[in-house]
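Just below is one structure, and these are the notes that go with it.
The values are calculated or read from the model by the stated rules, or taken from the named source; none is laboratory data. Computed from a prediction, not measured in an experiment: that's the story for all the values here. Counting neighbours? That spans all protein chains shown, and the Cβs are built from the backbone with ideal geometry, glycine included.
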């Protein structure tokens, strides 16, 4: 009898199979079927809704904690859906014996991050479970926002469009890995955990076709999702991928592929070639977009749904969805 494995939560191929074979069979409607980061529901203006649960280990890491992560993750899902985040709900599942001092740090972090992002926590719930049943604390957040005038969707992607990323990739997963395993790198790596709504406001304009935040499964898996949804082929260039030296060194030492490392403060942005230079310039004006780069383009003469990587040696290879699990409990 088949059972759930940790790889089903990786954001990669098994996660997608779980959604497609079990969840979509029972939950299907015009909102869910789009498979975007937030559902756009009717309103005046239209409303974006998203929900997420956070189970990271350790709870505190360089650059953030589970509270900051929960707020940023949900705000970012709204922001890349072209919505202005306004309201959050927070659900806490706390294990018996959890330190009240740590709980207060986490709740304070939630409040501080939400306030900095201009978002109000308007509802919540708290449950306590027996010791051994929650590994400290789990958090669920639901976000609500108003959709802006300009609409983004994978359906708008077409041949010739360019692929931008708002900064260095893999920072979050390497930061958490180093904290969890006690690893020391010559250049310390800090999680990129941050709310993206301010950065996206800076460059959100006509010519921006689609946006996604490459969290679990990383850039490689997220590009596969976009290529399949849009029915296009995407080519990225290895030498253009922005990497911190600490992340690059960690990947070389541990045999990890940065394309599959989780991010919590980056966005992939598909833009028309006419708008790309302006959008990239606007990204660079914002502190979170200083290292933004153009990493690839949409092709018209290759198999739809395929993601290709041009290596530094000039050869090409297929970039599939993430197989298995790089690091469980990453977000």
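Among all residues of the range 287-301, there is at least one that is closer than 25 Å to residue 54 by Cβ, assigned by TED's automatic domain parsing to the domain that holds residue 193 and touching a helix residue (DSSP H, G or I) at 6+ places or on another chain (Cβ under 7 Å). Output yes when any residue across the range 79-90 is in a loop (DSSP other than H, G, I, E, B) and surrounded by fewer than 17 Cβ atoms within 10 Å (Cβ to Cβ), and no when none is. Checked against the condition, which is being in a loop (DSSP other than H, G, I, E, B) and surrounded by fewer than 17 Cβ atoms within 10 Å (Cβ to Cβ), the range 79-90 yields no hits at all.
The strands (runs of 3 or more DSSP E) located wholly in the range 113-185 that include 2 or more residues which are more than 25 Å from residue 211 (Cα to Cα) occupy 120-129, 137-147.
Strands (runs of 3 or more DSSP E) fully within the range 269-331 that include at least 1 residues being surrounded by 16 or more Cβ atoms within 10 Å (Cβ to Cβ) and in contact with a strand residue (DSSP E or B) (Cβ under 6 Å, 6 or more places away or on another chain): 293-299, 307-310.
The residue that is farthest from residue 251 (Cα to Cα), among those in the range 192-216 that are over 13 Å from the mean Cα position of the chain (by Cα) and in a loop (DSSP other than H, G, I, E, B), is 206.
Given the options 136, 132, 124, name the one that is within 18 Å of residue 69 (Cβ to Cβ), without any contact (Cβ under 8 Å) to a residue 40 or more places away in the chain and surrounded by fewer than 23 Cβ atoms within 10 Å (Cβ to Cβ). The match here is 124. Report yes if some residue within the range 217-229 is part of a loop (DSSP other than H, G, I, E, B), within 23 Å of residue 254 (Cβ to Cβ) and touching a strand residue (DSSP E or B) at 6+ places or on another chain (Cβ under 8 Å); otherwise report no. So far as the range 217-229 goes, no, none of its residues is part of a loop (DSSP other than H, G, I, E, B), within 23 Å of residue 254 (Cβ to Cβ) and touching a strand residue (DSSP E or B) at 6+ places or on another chain (Cβ under 8 Å).
Please find, among 247, 232, the residue that is within 24 Å of residue 19 (Cα to Cα) and either at pLDDT 95 or above or in contact with a strand residue (DSSP E or B) (Cβ under 6 Å, 6 or more places away or on another chain) (or both).
232
Taking the conditions exactly as written (over 16 Å from the mean Cα position of the chain (by Cα) and in a strand (DSSP E or B)), does residue 50 satisfy them or not? Spelling it out, it is not the case that residue 50 is over 16 Å from the mean Cα position of the chain (by Cα) and in a strand (DSSP E or B).
Looking only at the range 21-59, residues that are modelled with pLDDT under 95, over 23 Å from residue 209 (Cα atoms) and buried (at least 19 other Cβ atoms within 10 Å of the Cβ) come to 0 in all. Exactly one residue out of 209, 240 is in contact with a strand residue (DSSP E or B) (Cβ under 8 Å, 6 or more places away or on another chain) and surrounded by fewer than 17 Cβ atoms within 10 Å (Cβ to Cβ): that is 240.
For residue 62, indicate whether it is out of contact with any strand residue (DSSP E or B) (no Cβ under 8 Å at 6 or more places or on another chain), surrounded by 13 or more Cβ atoms within 10 Å (Cβ to Cβ) and in contact (Cβ under 8 Å) with a residue 40 or more places away in the chain. Against the criterion (out of contact with any strand residue (DSSP E or B) (no Cβ under 8 Å at 6 or more places or on another chain), surrounded by 13 or more Cβ atoms within 10 Å (Cβ to Cβ) and in contact (Cβ under 8 Å) with a residue 40 or more places away in the chain), residue 62 qualifies.
Kindly indicate whether any position in the range 171-192 is within 19 Å of residue 82 (Cβ to Cβ) and touching a residue at least 40 places away in the same chain (Cβ under 8 Å).
No, the range 171-192 has no match at all.
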